[in-house]
Amino acid sequence: MAQIQHVTTGDERLREYLGLRDVSLRKLLETERGIYVAEGEKVVRRAVAAGHAPRSFLMAPRWVDSLQDVLATTEAPCYVLDEDVIEQLTGFHVHRGALAVLHRPELPEPAEVLAGARRVLVLEDLVDHTNVGAVFRTAAALGWDGVLLSPRCADPLYRRAIKVAMGAVFSLPYARLGDWHAAPDLLREAGFATVAMTLGAGAVPLDTVDQDQPLALVVGSEGHGLSARWEHESLVRATIPMAEGIDSLNVAASVAIAAWELRPSRLTP
């Protein structure tokens, strides 16, 4: 059972909850310490249910009873403060008044994510945590098997990404590719046909892509899109046909459309 501890804002044990809006600071601290922060009752539940070990909890009094079943599974301390005090401590309005710091799980190797998969997403330099979270939520909802991230992609376990994904980052396998240059060869050797999402010349309509094979959908950064190398290395270059005068979509919207169009056939209503 978690240790319920009523604390004050000056308590040194709360240092990991300070200034959660400072992205650069949080990325540094969380990576160095091997931790991440989950926000909201549902997300905290899903993180613990996925087997991620809690380091501590921080919540308003009313959530202690609601999360009793979760707290009963661990010896991690549960710090209790009023909601308005938690907001002052963290620097933002905490969704549903519950937070947890958890230990980061060890990521699988890219080959492990690809093994047995039929549909994977490959993200090149998506730096916005909201977009990364939305992509994970879409991929999980539409039955995709995993995600591969370039070295510069935003952290799926950053608080904002987890919240937008509604915890999908806990259930959908993903790996970070250390050798981004070798990634096209890795996918080819694993039997995947790469589909590059691009507005470039020669791109075919998305709905003409041959789906009777393992597919890796490759999408690029929010600003510049997919790199020329990935466009060249991919087996197919595809685009979403759009009305005249509209030249592009947000990357999260593009992924949602493409993931639906190329969804696994096993997906049922």
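Readers should treat all values here as calculations from the given coordinates under stated rules, not as data from a laboratory. Here the structure is a predicted model, which means the values were calculated and not measured. Every residue, glycine among them, receives a Cβ derived from its backbone with ideal geometry; neighbour counts consider all protein chains shown.
Viscosity 0.890 mPa s, temperature 25 °C: Stokes-Einstein D of the chain from its Kirkwood Cα radius, in µm² per second? Answer from the Stokes-Einstein relation: 124 µm²/s. Within the shell of other residues whose beta carbon sits under 14 angstrom from the beta carbon of residue 258, the net charge comes to +1, with Lys and Arg scored +1 and Asp and Glu -1.
With R₀ set to 22 Å, the beta-carbon distance separating residue 222 from residue 185 gives a calculated FRET efficiency near 0.25.
The local environment of residue 219, defined by Cβ-Cβ distances under 11 Å, has a net charge of -3 under the rule Lys, Arg +1 and Asp, Glu -1. Compactness of segment 157-269 is given as radius of gyration and Dmax, 14.9, 40 Å, from Cα positions.
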